[in-house]
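The values are calculated or read from the model by the stated rules, or taken from the named source; none is laboratory data. Bear in mind the structure is a predicted one, so any value in this text is a computation, not a measurement. Methodologically, a virtual Cβ is constructed for each residue, glycine included, from the backbone with ideal geometry; neighbour enumeration extends over all protein chains shown.
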Amino acid sequence: MNTVSLSRSVDGSVESVRSAMADLEAFTAAAGFDDVVVEGDTVTITNHVGFLELSLELVVTTDDPETLVLEQTDGIFESMTTRYTVSGDSESCEVTAETEFALDVAIVGQVLDSTVIERQRTRELTGQLDWLERQV
């Protein structure tokens with residue numbers, strides 16, 4: 001299992017950050033994906049990495065107000081889960097984004113490796129945290 005994790009202090013209330021994250025389409029699109037479609041608790045993303053078009057179907061798997069969890073239900077990974085945790089108060093908060101993934105070698109093979117995925121995911125999570133800062 002591979003992990004990519006980022007944390008950032010945000011000048012804004014926990015409520016304002018959680019409210020921004022509740023807009024799943026905008027929050028997910030802030031990662032820089034080529035296409036994002038949200039239907040209920042299901043998020044479908046499409047991204048071009050080099051000459052490949054990758055699509056993932058993710059589902060929200062928690063009702064915990066402090067953590068947003070998106071888990072892959074269909075895609076190139078053997079497993080992939082991202083947790084966004086927000087803690088703090090009415091003045092500032094800490095947002096932690098952590099993605100754990102295992103590659104499905106039969107699908108990914110020689111084209112992508114964990115290092116490429118980790119770099120790409122770091123850029124995506126950074127984009128989302130940048131967006132959150134602008135929203136609050």
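General remarks:
- Test: residue in region 107-130 that is among the polar types (S, T, N, Q), under 18 Å from Glu25 (Cβ atoms) and part of a helix (DSSP H, G or I): yes
- Within region 51-87, the set of residues being in a strand (DSSP E or B), among the aliphatic types (A, V, I, L, M) and at pLDDT below 90 comprises Leu52, Leu54.
- For region 4-63, filtering for residues that are under 16 Å from Thr96 (Cα atoms) and not hydroxyl-bearing (Ser, Thr, Tyr) leaves 16.
- Tally, over region 1-23, of residues that are more than 13 Å from Ser92 (Cβ to Cβ), surrounded by 13 or more Cβ atoms within 10 Å (Cβ to Cβ) and not hydroxyl-bearing (Ser, Thr, Tyr): 7
- Matching residues in region 44-65 - criterion: being in contact with a helix residue (DSSP H, G or I) (Cβ under 8 Å, 6 or more places away or on another chain) and exposed (fewer than 15 other Cβ atoms within 10 Å of the Cβ): Val49, Pro65
- Cβ pairs under 6 Å, 6+ apart, first in region 61-84 and in contact (Cβ under 8 Å) with a residue 12 or more places away in the chain, second surrounded by 19 or more Cβ atoms within 10 Å (Cβ to Cβ) and among the small types (Gly, Ala, Ser): Tyr84/Ala97
- Taking the criterion of being surrounded by 15 or more Cβ atoms within 10 Å (Cβ to Cβ) and modelled with pLDDT under 90, the residues of region 88-113 that qualify are Leu103, Val108, Leu112.
- Subset of region 1-44 (residues that are among the hydrophobic types (A, V, I, L, M, F, W, C) and in a strand (DSSP E or B)): Val4, Leu6, Val10, Val36, Val37, Val38, Val43
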